[in-house]
Amino acid sequence: MRRVIAAVAALLLVLTGAQTAGAANLLTNAGFESGNLSGWSCTGGSVVTSAHSGSYALAAAATASDTAQCTQTVPVVPNTTYTVSAWVRGNPVYLGITNGPSTWTAATAYTQLSLTFTSAAGQTSAQLYLHGWYGAGTYNADDVVLDGPGGGTPGTPATPGNPSVTSTTASSIALSWPAVSGATGYRVYEGTSSRATTSGTTTTISGLGTCETHSYTVAAYNAAGESARSGAASGTTTGCQQVGLPRHALIGYLHTSFANGSGYIRMADVPASWDIIDLAFGEPTSVTSGDIRFTLCPVAECPNVETEAQFIAGIRAKQAQGKKVLISIGGQNGQVQLTTTAARDKFVQSVSAIIDKYGLDGLDIDFEGHSLYLNAGDTDFRNPTTPVIVNLISALRSLKSRYGSRFVLTMAPETFFVQVGYQFYGGGGGGDNRTGSYLPVIHAMRDALTVLHVQDYNSGPVMGLDNQYHNMGGADFHIAMTDMVKAGFPVANTGQTFPGLREDQIGFGVPAAVSAGNGYTAPAQVQQALNCLARNQNCGGYTLRGGASPGIRGLMTWSINWDRYYNWEFQNSHRPFLNGLP
């Protein structure tokens with residue numbers, strides 16, 4: 001294998017203030033010429049003789065459940081630009097930096113992939129990765145380069161292997177990791193903050209809040225200094241809110257402010273099969289005002305509408321049965337853009353007024369159309385910068401804080417705003433700036449989110465984790481789309497991965513009838529999807545990347561009104577089936 005060493009170190013400062021890296025390949029065993037995988041951490045792989053140069057190369061076989069990722073973490077200098085390259089072949093092969101840029105190819109002959117990245121201020125390590133894709137077979141890699149100045153000190157220990165979460169309580173997360181030769185101790189970090197120091201390979205982080213998700217890395221140290229940090233492990237403390245829902249819930253929208261051709265249903269007449277009733281809709285006085293208003297359907301449109309007193313009495317009766325009644329904000333015609341902090345504050349005030357007036361259990365976010373989008377350059381869903389995103393997150397946190405642990409928060413995005421983010425992310429430019437724009441909101445609110453029920457309807461074809469396009473209207477679509485929410489997925493070409501949600505936070509939405517929306521799915525197909533997702537049975541050839549979800553929360557439909565119009569097919573088919581799930 002050829003070790004690439006540049007002749008001249010570039011010491012000039014670029015306009016961004018980042019230093020250009022002096023040339024030196026920081027990777028150990030970069031060409032696999034040791035004849036083994038020393039220096040690399042791989043979920044699967046071996047060394048073979050079909051090399052690009054030298055005697056050996058990496059061969060790693062991606063399976064239906066694993067991408068055969070190989071990583072290596074190296075010390076780096078903060079605020080410095082590095083060059084990365086590798087000669088690869090396979091369909092596909094990805095090269096990237098964790099939490100940084102990535103690239104890929106589908107080549108049958110060795111082809112060079114390359115990219116650059118700039119370390120952040122305070123960043124002392126970087127992890128390079130190579131991987132294939134689920135079920136795509138074997139890829140090869142050779143002559144891998146991460147070019148620039150190293151940040152370590154001679155004699156420091158090697159980087160520890162990734163930690164594992166071994167147990168959790170309501171206030172603690174326990175971790176373990178592999179031992180490192182020559183280390184006298186280990187430091188556990190959360191972000192840039194040291195959370196624990198220990199001489200062993202286990203520790204417990206205490207003093208945490210209930211139902212909080214935390215991410216930790218580990219560094220080894222000795223008298224010479226500290227290693228680069230490991231990859232991260234995430235864990236969630238127990239004690240997540242229990243809002244009184246059944247294990248498997250039936251969720252439906254009730255046309256409360258309009259009839260929509262399917263007729264008005266009084267609250268008192270909604271059958272007891274429905275566990276969450278979403279009042280459709282609260283809408284803004286203008287797109288950017290943040291001022292949400294809700295009124296009952298006018299008598300001229302809904303002759304059988306009840307009085308407000310009767311409506312409120314109907315809500316109380318449902319709640320006495322253990323049902324949850326929410327105000328749903330948005331819908332197809334209710335565009336909501338919280339472009340300013342004033343709009344954010346008005347949103348919190350006006351939504352609170354609706355919840356308080358009717359004594360509701362919480363809020364459903366059904367932002368569609370152009371309500372959410374990502375500004376150019378807003379490419380990290382974990383740290384969004386676009387005002388309509390940032391202000392919505394702030395508003396939801398305020399409402400959650402106001403109403404506490406019993407507050408029910410649900411979301412009903414379209415696939416365009418969630419799963420399409422696997423291929424395209426709006427802030428990256430070059431396409432529709434709305435793609436994937438729900439992801440930062442879901443991620444920021446994941447510890448407070450009761451149910452995410454993506455609308456598996458009114459959708460075009462969407463690529464799943466099997467890298468195949470799936471079309472609405474059958475079990476296959478619901479299986480593939482819901483699996484993405486459970487397993488998580490890389491977000492387009494951002495270098496970030498959206499972590500999956502807990503199974504009890506996940507449902508999916510379907511039209512109640514053919515007139516309710518495009519993508520109606522016959523009951524047998526809906527139940528096949530549920531059986532696959534809950535039991536990992538009858539999946540039609542699709543392999544669940546997120547595994548079985550016996551605690552999947554349930555089904556959402558548009559709408560209760562359309563279901564009645566079609567003689568309650570949805571309710572009568574799926575309520576008993578949900579009751580029979582594990």
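The values are calculated or read from the model by the stated rules, or taken from the named source; none is laboratory data. Quick caveat, the model's predicted, so the values are computed rather than measured. All Cβ positions, glycine included, derive from the backbone under ideal geometry; neighbour counts span all protein chains shown. Just so you know, the surface numbers come from the protein's heavy atoms only, side chains and all, with ligands and any DNA or RNA stripped out. Shrake-Rupley method; radii C 1.70, N 1.55, O 1.52, S 1.80 Å.
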Quiz item: For the range 46-134, which fully contained strands (runs of 3 or more DSSP E) count at least 2 residues that are β-branched (Val, Ile, Thr), open to solvent by 10 Å² or more (accessible area, probe 1.4 Å) and in contact (Cβ under 8 Å) with a residue 40 or more places away in the chain?
Solution: 70-75, 80-97, 102-118
Quiz item: Which is in a strand (DSSP E or B) and under 27 Å from residue 191 (Cβ atoms), of 144, 165?
Solution: 165
Quiz item: Do you know which residues across the range 213-240 are in a strand (DSSP E or B) and not aliphatic (A, V, I, L, M)?
Solution: 213, 214, 215, 216, 217, 221, 222, 225, 226, 234, 235, 236
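Rundown of residues vs (1) crowded, with 21+ Cβ neighbours inside 10 Å; (2) more than 15 Å from residue 480 (Cβ to Cβ); (3) at pLDDT 95 or above; (4) of a type outside the set (D, E, K, R), yes/no style:
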| residue | (1), (2), (3), (4) |
| --- | --- |
| 497 | no, yes, no, yes |
| 511 | yes, yes, yes, yes |
| 528 | yes, no, yes, yes |
| 533 | yes, no, yes, yes |
| 567 | no, yes, yes, yes |
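Matching residues to (1) part of a strand (DSSP E or B); (2) touching a residue at least 24 places away in the same chain (Cβ under 8 Å); (3) among the charged types (D, E, K, R); (4) closer than 23 Å to residue 278 by Cβ:
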| site | (1), (2), (3), (4) |
| --- | --- |
| 483 | no, yes, yes, no |
| 489 | yes, yes, no, no |
| 508 | yes, yes, no, yes |
| 533 | no, yes, no, yes |
| 537 | no, no, no, no |
Quiz item: When residues of the range 314-342 are filtered for being out of contact with any strand residue (DSSP E or B) (no Cβ under 8 Å at 6 or more places or on another chain) and buried (at least 16 other Cβ atoms within 10 Å of the Cβ), how many remain?
Solution: 3
Quiz item: Any idea which of 551, 541, 546 is in contact with a Gly (Cβ under 7 Å, 6 or more places away or on another chain) and either assigned to a helix (DSSP H, G or I) or over 15 Å from residue 254 (Cα atoms) (or both)?
Solution: 546
Quiz item: What tally of residues in the range 25-35 results from selecting those that are open to solvent by 40 Å² or more (accessible area, probe 1.4 Å) and either under 21 Å from residue 228 (Cβ atoms) or at pLDDT 90 or above (or both)?
Solution: 2
Quiz item: Is it true that some residue in the range 418-429 is free of Cβ contacts under 8 Å to residues at least 24 places away in the same chain, assigned to a loop (DSSP other than H, G, I, E, B) and surrounded by fewer than 21 Cβ atoms within 10 Å (Cβ to Cβ)?
Solution: no
Quiz item: So which residues in the range 470-494 are among the small types (Gly, Ala, Ser) and either open to solvent by 20 Å² or more (accessible area, probe 1.4 Å) or out of contact with any Asp or Glu (no Cβ under 9 Å at 6 or more places or on another chain) (or both)?
Solution: 473, 474, 475, 487, 488, 492
Quiz prompt | Identity of the residue in the range 191-213, open to solvent by 50 Å² or more (accessible area, probe 1.4 Å) and of a type outside the set (Gly, Ala, Ser), that ends up nearest to the chain's Cα centre (by Cα) | solution = 213
Quiz item: Within the range 569-582, which residues are assigned to a loop (DSSP other than H, G, I, E, B), open to solvent by 30 Å² or more (accessible area, probe 1.4 Å) and in contact (Cβ under 8 Å) with a residue 60 or more places away in the chain?
Solution: none
Exercise. Being among the aliphatic types (A, V, I, L, M) and modelled with pLDDT of 85 or more is the filter; apply it to the range 206-244 and report the residue that is nearest to residue 444 (Cα to Cα).
Key: 208
Quiz item: Do you know which residues across the range 241-270 are assigned to a helix (DSSP H, G or I) and either in contact with a Leu (Cβ under 7 Å, 6 or more places away or on another chain) or crowded, with 19+ Cβ neighbours inside 10 Å (or both)?
Solution: 267
Quiz item: If you go through the range 343-389 one residue at a time, how many are charged (D, E, K, R), part of a helix (DSSP H, G or I) and crowded, with 19+ Cβ neighbours inside 10 Å?
Solution: 2
Quiz item: Taking the condition at positive phi, open to solvent by less than 20 Å² (accessible area, probe 1.4 Å) and in contact (Cβ under 8 Å) with a residue 12 or more places away in the chain, does residue 290 pass?
Solution: yes
